[in-house]
Amino acid sequence: MVLRSARQTILVVVALLAVLAGVCAPARAEGTARAGKPAAEGGGKGPVVVVGFSGVSWTDVTRKTAPHLYEFGKKAAVSNIVVRTVRETACPVEGWTALGSGQRTIDDGCRLPTVAGKAPVRWAQLKEANSSSSYKAKIGALGEALQGRSALAVGPGAALALAKPNGRLLGGYAALAPLPVSGEDGDVGGAARAYAGSDADVTVIDLGAVRYPGNELSENHPVQAPGIAQRLREYFTPEGAAPEAVKQQISYIDARFGLLVKQIRKKTPNATVLVANVADADSSRPHLGYFAAAGPRMGGPALATSDSTRQPGLIQVTDIMPTLAGWLGAGPQARGNAIGSAITTAKASDDGEANIARLDAEHTRAQVTRSLSGSFYVLLAALSAAILLMWAKRKSHRWTETNERFFLQLSALTAALPVSTLLVNLIPWWRMSNPLVSLLMGVVLIAAVLALIALRGKSPFAPFAVIGGVTAGTLALDVLLDGIWHGYPLQLAALLGMQPLVGWRFYGFSNNAVAMFVAGLVLLLAWHSSRTARKKSVAVILGAGALAVLLDGSAKFGADFGGPPVIVVGLGVLATMVAGKRLTWLRFAAVLGAAVAVSFVFALFDYLQPAPKRSHLGKFVGSFFDGGGLAIVWRKVTQIFGGNALFIPVALAIVAAICAVAWLLAKRGHFARLRIEDEIVRRSAVSLVSALVVAALLNDSGVTMPAVGLIVAAPLWFVATLRREGEATAGQRDAAVQEGEPAAQEGEAAVQEEESPATASRE
């Protein structure tokens, strides 16, 4: 009977997902990637020219400030490029070494790259710093992969990119002066002259590094990474327009590029030109950078992408090395250590200006959500504290119906906020005149609507179904549709989602998304268990859990290694409790073991795919065969406990506040006094807390995952508890009235008999 119900449940859920996918597909089709052609490989299509610089985004590139870069982008395959390597912001040395290695590299400070003779300065120190870091980056991979090819490096950054592992340059070198100080004349045509005198197969050119005032670099005096105080200020300070000094530097780079591209078209019209921003201009603020490529190996106009992001119009700096290796016929073995993937065209378009406008808008979207994310976490912490204080005061004589109504509305609103940060991305708020205000208003309005709908239900547990169902359903559909059509998912550039500026993830389930997804599932299925027979409820939970694990763990969709254990634990514990079984430590360990086994099965299947097609699941398994698995595990552990300067303390505050409320609930014995239906609160609480503990231990987000998951569920536990208390009080009052009615009637009859005229006359 249970198996039959489970099969029925699975069929129903699959049918619903298929229907919803069909309904939603037209709405997403315009903004999703279409199957594009991979960039052509092999060395028979003319020379390759790589032009790099630091501190230039598509927002900076206009017809006025950078006309040559703008016109080149109109006819090219274009994209935003993520330049982060190890730290949140990338310095020029880190950007150029990442380009040359295809890995996340690091510099001990933030210096300008320099060359002495024909070798990069401080190469031995850079090699040692990267080999001893947790990422174990092997710099010099591009120079090694292109051995036998003629090459030319122009400028110090280019020398870092084309250096071999021993520090010697692949090919020749031509010096190029740094960007001039504001108001000074410089050598605009140096890069063009160097290219004119060369016949190299591959030329890499460093046009200079743009720096914000106060973040100037030198060769010998590094700028240190910003401290915690500076990071905190940046989280709460929206970014303004670029200073005039920055605009002047960008204009100078553009002038250099204009002469260079003119020379390239004159001398080698069959050359493939790849232009990329490789680092940030500000040591405390990350940015998405400029990327454009045109020539026989890249189609255009189009949006560029890669398998490392799976998003049209978004690539990483680590994608450039495997791309160049493929273009120049180096073979797959030469790019085996690269974490990036070859750049391809995702969506062809005849309107190059529309492509540029889209990239500018997506950069704005990413900048606004990052600048607001810190404040939003603080808002969630403040709301949690307010709910806690109101809950503690509800037994006082000052607690009125108005207070209760406000508490219910505030709690439902808070629980709806996380999913609202995703749903708001259905509205192009980033294209409005004031994106920041539009984003905030959109999130609050969507959450308010969801809260009102949830509270209209007569059942105390209606909010479980509404908010829990919307949260889980939104994430499931988002991941499903993104896996099929590859377009900007709702999670990308969301307040509680994946941040492309500093993110390690661009598709699938992020850590916060997993926490929200599991919380929504547990609430929805716990509500369903209160309305359905035990065996059928268990079957539904197991069926939904199987579908959720498949969606989260598959490389095509969720691509999440740490998510399946969380889902299995949460729904496994819930199924055990719904089945009426006692939750012992042995049963919990069995559930946990099954969860870990499921994750490794998904990762192993992903590993069996060809190396270029593996997600991070398969790459993680492969790292153990390469000897780097333990380093990855240790890095994850340090990230769990090191965390973010802002998010970790705020998340701890949220978790502490909610745990305090849970303790007060248990101490006051409210669960014991409620009716049997309130077993749903206990089941969902035990299941979700178990899942979130596992999430905190297995994922590098640490306590932020429990914080986000509890923000969704805990306010609704309070809502259900308070509404059930109200029902119990009303029931007691009705019972008292019913019991008192006969006595009242007898009293009234006696009074009437005493006062009647007939009685008086008999006396």
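Every number in this text was worked out from the coordinates using simple rules, so none of it is lab data. All figures in this text were calculated on a predicted structure; none of them were measured in a lab. With ideal geometry, Cβ positions are generated from the backbone for all residues, glycine too; neighbour counts draw on all protein chains shown.
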According to the Kirkwood expression over distinct Cα-Cα pairs, how big is the hydrodynamic radius of segment 339-439, in Å?
-> 17.3
Grab the alpha carbons of segment 251-301, take their convex hull, and tell me the volume per residue in Å³.
-> 94
For the pairs Lys458/Lys536; Lys74/Lys247; Lys64/Lys138, note any where the Cα-Cα span goes beyond 31 Å.
-> Lys64/Lys138
Evaluated over segment 495-562, the Cα radius of gyration and Dmax, each in Å = 14.5, 48
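Distances over 25 Å make up what percent of all Cα-Cα pairs in segment 275-433?
53
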Mean Cα-pair separation over length for segment 467-533, i.e. relative contact order, pairs under 8 Å, 6 or more apart, % = 42
Treat the count of other C-beta atoms within 10 Å as a stand-in for reagent exposure and order His528, His287 from fewest to most.
-> His528, His287
Can you pull the percent of Cα pairs in segment 409-566 with separation above 28 Å?
-> 23
Compare the peptides 450-463, 681-694, 193-206 by average per-residue count of other Cβ atoms within 10 angstrom and give them in order, highest first.
-> 681-694, 193-206, 450-463
